[in-house]
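Only one structure is covered here, and it is reproduced in the block below.
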Amino acid sequence: GRHADLVYLAKHGSANSVYMCAHVQHKNQKCLFILQALRERGCRTEEDFEAVIQEVEKEVQRRKDLDCHSRERKTIISQNYIPKHPELYMLQDSFLAPEFVETVQYCTSDGADLQGLLNHVESVSADKRIFRLPVFTEEFCQAFIEELENFEQSEMPKGRPNSMNNYGVLLNELGMDEAFITPLRETYLRPISALLYPDCGGGSLDSHKAFVVKYALHEDLDLSSHYDNAEVTLNVSLGKEFTEGHLYFAEFRQDPKPVPHYIEVEHVPRHGLFHRGGQMHGALPIASGERWNLIIWMRSSAVRNLLCPMCNRQPDLVPAEGFGDGFTGSPRDNQPETVDLCSLT
(Lines give C-alpha, C1' and ligand atoms only; values in the text may rest on other atoms or scores of the structure.)
Protein backbone atom coordinates (compact mmCIF):
# COMPACT_ATOMS: atom_id res chain seq x y z
CA GLY A 1 0.00 0.00 0.00
CA ARG A 2 0.88 3.69 0.02
CA HIS A 3 2.46 3.52 3.50
CA ALA A 4 4.82 0.71 2.52
CA ASP A 5 5.77 2.58 -0.64
CA LEU A 6 6.52 5.75 1.30
CA VAL A 7 8.68 3.89 3.82
CA TYR A 8 10.56 2.28 0.96
CA LEU A 9 11.08 5.69 -0.67
CA ALA A 10 12.35 7.04 2.63
CA LYS A 11 14.93 4.25 2.86
CA HIS A 12 16.00 3.87 -0.75
CA GLY A 13 16.52 5.77 -3.96
CA SER A 14 16.30 9.55 -4.06
CA ALA A 15 14.46 9.75 -0.75
CA ASN A 16 17.41 8.02 0.91
CA SER A 17 19.32 11.29 0.99
CA VAL A 18 16.31 13.15 2.35
CA TYR A 19 16.12 11.55 5.74
CA MET A 20 19.81 10.92 6.20
CA CYS A 21 20.57 14.57 5.56
CA ALA A 22 17.70 15.75 7.70
CA HIS A 23 18.44 13.85 10.89
CA VAL A 24 21.39 16.04 11.86
CA GLN A 25 19.28 19.17 11.83
CA HIS A 26 17.10 20.60 14.57
CA LYS A 27 14.16 18.25 15.17
CA ASN A 28 11.45 20.66 14.00
CA GLN A 29 13.49 21.63 10.97
CA LYS A 30 14.11 17.95 10.28
CA CYS A 31 10.43 17.06 10.39
CA LEU A 32 9.54 19.89 8.02
CA PHE A 33 12.23 18.73 5.61
CA ILE A 34 11.00 15.13 5.67
CA LEU A 35 7.33 16.05 5.47
CA GLN A 36 7.87 18.25 2.45
CA ALA A 37 9.64 15.43 0.63
CA LEU A 38 6.97 12.87 1.55
CA ARG A 39 4.13 15.23 0.62
CA GLU A 40 5.64 15.52 -2.85
CA ARG A 41 5.43 11.72 -3.06
CA GLY A 42 1.74 11.48 -2.15
CA CYS A 43 1.77 11.36 1.65
CA ARG A 44 -1.31 13.22 2.91
CA THR A 45 -2.61 12.16 6.33
CA GLU A 46 -1.02 12.83 9.71
CA GLU A 47 -1.00 9.08 10.36
CA ASP A 48 0.99 8.51 7.17
CA PHE A 49 3.51 11.16 8.15
CA GLU A 50 3.97 9.85 11.70
CA ALA A 51 4.33 6.21 10.64
CA VAL A 52 6.94 7.00 8.01
CA ILE A 53 8.93 9.29 10.31
CA GLN A 54 9.08 6.57 12.96
CA GLU A 55 10.39 4.11 10.38
CA VAL A 56 12.95 6.66 9.25
CA GLU A 57 14.17 7.29 12.81
CA LYS A 58 14.61 3.53 13.31
CA GLU A 59 16.64 3.31 10.11
CA VAL A 60 18.85 6.24 11.15
CA GLN A 61 19.61 4.55 14.48
CA ARG A 62 20.31 1.24 12.75
CA ARG A 63 22.90 2.92 10.55
CA LYS A 64 24.50 4.65 13.52
CA ASP A 65 24.98 1.23 15.11
CA LEU A 66 26.50 -0.39 12.01
CA ASP A 67 30.11 0.55 12.76
CA CYS A 68 30.04 -0.81 16.30
CA HIS A 69 28.36 -4.08 15.31
CA SER A 70 30.75 -4.58 12.39
CA ARG A 71 33.73 -4.11 14.70
CA GLU A 72 32.35 -6.74 17.08
CA ARG A 73 31.77 -9.25 14.28
CA LYS A 74 35.24 -8.73 12.83
CA THR A 75 36.84 -9.42 16.21
CA ILE A 76 34.88 -12.63 16.71
CA ILE A 77 35.66 -13.83 13.16
CA SER A 78 39.40 -13.09 13.45
CA GLN A 79 39.60 -15.05 16.69
CA ASN A 80 37.46 -18.05 15.77
CA TYR A 81 37.02 -18.57 12.03
CA ILE A 82 39.18 -21.22 10.33
CA PRO A 83 39.56 -20.43 6.59
CA LYS A 84 39.30 -23.22 4.05
CA HIS A 85 41.77 -21.48 1.70
CA PRO A 86 44.01 -19.26 3.87
CA GLU A 87 46.25 -18.56 0.86
CA LEU A 88 43.48 -16.43 -0.66
CA TYR A 89 43.76 -13.76 2.00
CA MET A 90 46.90 -12.27 0.47
CA LEU A 91 46.72 -11.08 -3.14
CA GLN A 92 48.95 -12.97 -5.56
CA ASP A 93 49.59 -12.29 -9.24
CA SER A 94 48.57 -15.88 -9.99
CA PHE A 95 44.99 -15.01 -8.99
CA LEU A 96 44.73 -12.45 -11.79
CA ALA A 97 43.82 -13.03 -15.43
CA PRO A 98 46.83 -12.45 -17.72
CA GLU A 99 44.77 -9.97 -19.77
CA PHE A 100 44.08 -7.97 -16.61
CA VAL A 101 47.77 -7.79 -15.69
CA GLU A 102 48.62 -6.76 -19.25
CA THR A 103 46.01 -3.98 -19.12
CA VAL A 104 47.45 -2.62 -15.88
CA GLN A 105 50.95 -2.74 -17.34
CA TYR A 106 49.73 -0.60 -20.21
CA CYS A 107 48.02 1.88 -17.86
CA THR A 108 51.24 2.39 -15.90
CA SER A 109 53.43 2.76 -18.99
CA ASP A 110 54.72 6.07 -20.37
CA GLY A 111 52.26 7.76 -22.68
CA ALA A 112 49.26 5.64 -21.67
CA ASP A 113 45.95 7.28 -22.53
CA LEU A 114 42.27 6.43 -22.76
CA GLN A 115 42.37 5.67 -26.46
CA GLY A 116 45.12 3.14 -25.94
CA LEU A 117 43.34 1.60 -22.95
CA LEU A 118 40.23 1.01 -25.06
CA ASN A 119 42.29 -1.49 -27.06
CA HIS A 120 42.56 -3.58 -23.87
CA VAL A 121 39.00 -3.36 -22.50
CA GLU A 122 35.55 -3.98 -23.95
CA SER A 123 33.40 -0.86 -24.18
CA VAL A 124 29.97 -2.14 -23.13
CA SER A 125 28.40 1.31 -23.44
CA ALA A 126 30.34 4.32 -24.66
CA ASP A 127 27.76 6.91 -23.58
CA LYS A 128 27.23 5.34 -20.14
CA ARG A 129 30.98 4.69 -19.82
CA ILE A 130 30.68 1.03 -18.83
CA PHE A 131 33.67 -1.20 -19.55
CA ARG A 132 34.44 -4.89 -19.13
CA LEU A 133 37.60 -7.00 -18.93
CA PRO A 134 38.76 -10.30 -17.40
CA VAL A 135 39.94 -9.85 -13.80
CA PHE A 136 40.52 -13.23 -12.13
CA THR A 137 41.42 -16.76 -13.19
CA GLU A 138 38.84 -19.54 -13.14
CA GLU A 139 40.84 -21.35 -10.45
CA PHE A 140 40.77 -18.34 -8.15
CA CYS A 141 37.02 -17.76 -8.61
CA GLN A 142 36.28 -21.38 -7.78
CA ALA A 143 38.45 -21.35 -4.65
CA PHE A 144 37.06 -17.97 -3.58
CA ILE A 145 33.47 -19.21 -3.79
CA GLU A 146 34.47 -22.29 -1.77
CA GLU A 147 35.90 -19.98 0.89
CA LEU A 148 32.75 -17.85 0.92
CA GLU A 149 30.53 -20.91 1.22
CA ASN A 150 32.70 -22.23 4.04
CA PHE A 151 32.20 -18.96 5.90
CA GLU A 152 28.49 -18.89 5.07
CA GLN A 153 28.06 -22.36 6.60
CA SER A 154 30.06 -21.52 9.72
CA GLU A 155 28.68 -20.34 13.06
CA MET A 156 30.36 -16.95 12.67
CA PRO A 157 28.26 -13.76 12.93
CA LYS A 158 27.43 -12.23 9.55
CA GLY A 159 26.45 -8.71 8.56
CA ARG A 160 24.40 -7.67 5.55
CA PRO A 161 26.56 -6.54 2.61
CA ASN A 162 24.55 -3.31 2.27
CA SER A 163 21.07 -1.90 2.87
CA MET A 164 19.60 -3.65 -0.19
CA ASN A 165 21.23 -7.11 -0.22
CA ASN A 166 20.47 -9.70 2.47
CA TYR A 167 22.89 -12.44 1.42
CA GLY A 168 26.63 -12.10 1.03
CA VAL A 169 29.84 -11.31 2.90
CA LEU A 170 31.51 -8.09 4.05
CA LEU A 171 35.15 -8.70 3.13
CA ASN A 172 36.62 -6.35 5.74
CA GLU A 173 34.91 -8.43 8.46
CA LEU A 174 36.34 -11.60 6.90
CA GLY A 175 39.83 -10.09 7.10
CA MET A 176 40.45 -9.63 3.37
CA ASP A 177 40.83 -5.84 3.25
CA GLU A 178 44.43 -5.27 4.27
CA ALA A 179 46.35 -7.81 2.20
CA PHE A 180 43.94 -8.43 -0.68
CA ILE A 181 41.47 -5.65 -1.54
CA THR A 182 43.70 -2.69 -0.65
CA PRO A 183 46.66 -3.77 -2.85
CA LEU A 184 44.21 -4.76 -5.58
CA ARG A 185 42.78 -1.23 -5.54
CA GLU A 186 46.09 0.60 -5.21
CA THR A 187 48.23 -1.42 -7.63
CA TYR A 188 45.74 -2.62 -10.24
CA LEU A 189 42.34 -0.89 -10.16
CA ARG A 190 43.39 2.71 -9.63
CA PRO A 191 45.65 2.91 -12.74
CA ILE A 192 42.75 1.66 -14.89
CA SER A 193 40.23 3.99 -13.22
CA ALA A 194 42.58 6.95 -13.63
CA LEU A 195 42.29 6.67 -17.41
CA LEU A 196 38.62 5.65 -17.56
CA TYR A 197 37.25 8.19 -15.07
CA PRO A 198 39.67 11.08 -14.49
CA ASP A 199 36.72 13.43 -13.96
CA CYS A 200 35.26 11.24 -11.19
CA GLY A 201 38.39 10.94 -9.05
CA GLY A 202 39.56 7.75 -10.76
CA GLY A 203 43.18 8.71 -10.22
CA SER A 204 42.77 9.48 -6.51
CA LEU A 205 40.83 6.46 -5.24
CA ASP A 206 42.12 6.13 -1.68
CA SER A 207 39.55 3.92 0.08
CA HIS A 208 36.87 1.35 -0.63
CA LYS A 209 34.08 -0.86 0.62
CA ALA A 210 34.27 -4.42 -0.68
CA PHE A 211 31.66 -7.13 -0.33
CA VAL A 212 30.31 -10.21 -2.09
CA VAL A 213 26.61 -10.58 -2.88
CA LYS A 214 24.78 -13.83 -3.50
CA TYR A 215 21.66 -14.34 -5.60
CA ALA A 216 19.68 -17.59 -5.47
CA LEU A 217 16.13 -18.89 -5.55
CA HIS A 218 14.34 -18.37 -2.20
CA GLU A 219 17.00 -15.78 -1.25
CA ASP A 220 17.79 -12.49 -2.99
CA LEU A 221 16.53 -12.80 -6.57
CA ASP A 222 17.12 -9.29 -7.90
CA LEU A 223 18.18 -5.78 -6.96
CA SER A 224 16.15 -2.59 -7.33
CA SER A 225 17.44 0.40 -9.26
CA HIS A 226 19.97 2.42 -7.28
CA TYR A 227 23.33 4.16 -7.41
CA ASP A 228 26.39 3.31 -5.36
CA ASN A 229 28.11 5.16 -2.55
CA ALA A 230 31.26 5.25 -4.67
CA GLU A 231 33.08 7.28 -7.28
CA VAL A 232 33.94 4.13 -9.27
CA THR A 233 32.53 0.61 -8.93
CA LEU A 234 33.98 -2.72 -10.00
CA ASN A 235 31.48 -5.62 -10.25
CA VAL A 236 33.08 -9.03 -10.90
CA SER A 237 30.98 -12.10 -11.73
CA LEU A 238 32.59 -14.96 -9.77
CA GLY A 239 30.11 -17.72 -10.71
CA LYS A 240 28.44 -20.24 -10.17
CA GLU A 241 25.92 -21.76 -12.60
CA PHE A 242 22.88 -19.54 -13.13
CA THR A 243 20.44 -18.25 -15.74
CA GLU A 244 19.09 -14.73 -16.29
CA GLY A 245 19.75 -12.08 -13.64
CA HIS A 246 21.29 -9.60 -16.07
CA LEU A 247 22.36 -6.16 -14.88
CA TYR A 248 20.58 -3.12 -16.26
CA PHE A 249 21.86 0.45 -16.45
CA ALA A 250 20.03 3.75 -16.86
CA GLU A 251 21.27 7.33 -16.79
CA PHE A 252 23.85 8.91 -14.53
CA ARG A 253 22.02 10.18 -11.44
CA GLN A 254 22.91 13.81 -12.12
CA ASP A 255 21.65 13.61 -15.71
CA PRO A 256 18.03 12.40 -15.37
CA LYS A 257 15.86 12.10 -18.44
CA PRO A 258 12.05 12.11 -18.65
CA VAL A 259 12.20 8.64 -20.23
CA PRO A 260 15.24 6.70 -18.98
CA HIS A 261 17.21 4.72 -21.54
CA TYR A 262 18.01 1.27 -20.17
CA ILE A 263 20.54 -1.25 -21.40
CA GLU A 264 20.91 -4.85 -20.23
CA VAL A 265 24.36 -6.28 -19.58
CA GLU A 266 25.00 -10.00 -19.28
CA HIS A 267 27.28 -11.40 -16.60
CA VAL A 268 30.48 -12.96 -17.94
CA PRO A 269 32.24 -15.26 -15.46
CA ARG A 270 35.61 -13.98 -14.21
CA HIS A 271 35.02 -10.62 -15.90
CA GLY A 272 34.56 -7.31 -14.13
CA LEU A 273 32.41 -4.34 -15.09
CA PHE A 274 33.77 -0.86 -14.37
CA HIS A 275 31.17 1.89 -14.05
CA ARG A 276 30.72 5.22 -12.33
CA GLY A 277 29.20 4.90 -8.89
CA GLY A 278 26.49 7.40 -9.78
CA GLN A 279 25.25 5.35 -12.72
CA MET A 280 21.71 4.17 -11.98
CA HIS A 281 21.57 0.37 -12.21
CA GLY A 282 20.02 -2.80 -10.83
CA ALA A 283 19.83 -6.56 -11.34
CA LEU A 284 16.98 -8.49 -12.96
CA PRO A 285 15.66 -11.65 -11.24
CA ILE A 286 17.76 -14.78 -11.42
CA ALA A 287 15.77 -17.67 -12.98
CA SER A 288 17.78 -20.63 -11.71
CA GLY A 289 21.01 -21.56 -10.01
CA GLU A 290 23.20 -19.36 -7.86
CA ARG A 291 25.30 -16.28 -8.63
CA TRP A 292 28.11 -14.68 -6.60
CA ASN A 293 29.47 -11.22 -7.41
CA LEU A 294 32.39 -9.33 -5.92
CA ILE A 295 31.55 -5.62 -5.58
CA ILE A 296 34.20 -3.00 -4.82
CA TRP A 297 32.99 0.54 -4.18
CA MET A 298 36.06 2.73 -4.71
CA ARG A 299 36.09 6.20 -3.22
CA SER A 300 38.09 9.40 -3.62
CA SER A 301 38.28 11.64 -0.57
CA ALA A 302 39.42 14.49 -2.84
CA VAL A 303 36.02 14.33 -4.56
CA ARG A 304 33.65 13.47 -1.73
CA ASN A 305 35.19 15.82 0.82
CA LEU A 306 33.75 18.60 -1.33
CA LEU A 307 30.33 17.05 -1.99
CA CYS A 308 28.81 13.94 -0.46
CA PRO A 309 27.60 11.77 -3.38
CA MET A 310 24.64 10.45 -1.40
CA CYS A 311 23.16 13.73 -0.15
CA ASN A 312 24.60 16.21 -2.66
CA ARG A 313 25.72 18.51 0.14
CA GLN A 314 28.94 19.47 1.83
CA PRO A 315 29.55 16.52 4.17
CA ASP A 316 29.05 16.88 7.90
CA LEU A 317 31.51 14.31 9.27
CA VAL A 318 31.46 12.02 12.27
CA PRO A 319 34.45 9.79 13.16
CA ALA A 320 34.55 6.20 11.96
CA GLU A 321 37.04 3.35 12.06
CA GLY A 322 38.75 1.88 9.02
CA PHE A 323 37.86 3.52 5.74
CA GLY A 324 34.45 4.70 6.95
CA ASP A 325 32.62 6.16 3.96
CA GLY A 326 35.80 7.43 2.35
CA PHE A 327 35.85 10.98 3.71
CA THR A 328 38.93 12.40 5.40
CA GLY A 329 38.87 14.94 8.19
CA SER A 330 41.43 17.73 8.44
CA PRO A 331 43.86 17.31 11.35
CA ARG A 332 42.90 19.65 14.19
CA ASP A 333 44.58 20.26 17.54
CA ASN A 334 47.37 17.83 16.69
CA GLN A 335 44.88 15.02 16.19
CA PRO A 336 45.76 12.46 13.50
CA GLU A 337 43.90 12.55 10.22
CA THR A 338 40.86 10.30 10.35
CA VAL A 339 38.58 8.58 7.88
CA ASP A 340 35.04 9.61 8.54
CA LEU A 341 31.38 9.02 7.81
CA CYS A 342 29.09 11.72 6.51
CA SER A 343 26.46 12.16 9.21
CA LEU A 344 24.10 13.29 6.46
CA THR A 345 24.02 9.79 4.94
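Brief remarks follow.
- Cα-based equivalent ellipsoid, region 113-249: semi-axes from gyration tensor eigenvalues, Å: 27, 18, 15
- Heavy atoms of PHE140: accessible area, 1.4 Å probe, square angstrom to 10: 10 Å²
- Over region 51-161, relative contact order from alpha-carbon pairs under 8 Å, at least 6 apart, %: 37 percent
- Our estimate of slack between ILE82 and LEU284, defined as 0.36 nm per intervening residue step minus the Cα-Cα distance, is 69.3 nm.
- Theoretical FRET efficiency, 1/(1+(r/R0)^6), r = Cβ-Cβ of LEU307 and ARG160, R0 35 Å, to 0.05: 0.85
- For the pair LYS240 and GLU266 in one chain, pulling the backbone fully straight at 0.36 nm per residue adds 7.9 nm over the alpha carbon distance.
- For region 99-178, the solvent-accessible area with a 1.4 angstrom probe is 47 square angstrom per residue.
- What a 1.4 Å probe finds exposed on region 236-320 is 56% carbon and sulfur by accessible area, rounded to a whole percent.
The values are calculated or read from the model by the stated rules, or taken from the named source; none is laboratory data. Keep in mind the model is a prediction, meaning the values are calculated, not measured. For neighbour counting, all protein chains shown are included, and Cβ atoms are generated from backbone atoms with ideal geometry for every residue, glycine included. Protein only, heavy atoms only, side chains kept; ligands, DNA and RNA dropped before computing areas. Shrake-Rupley method; radii C 1.70, N 1.55, O 1.52, S 1.80 Å.
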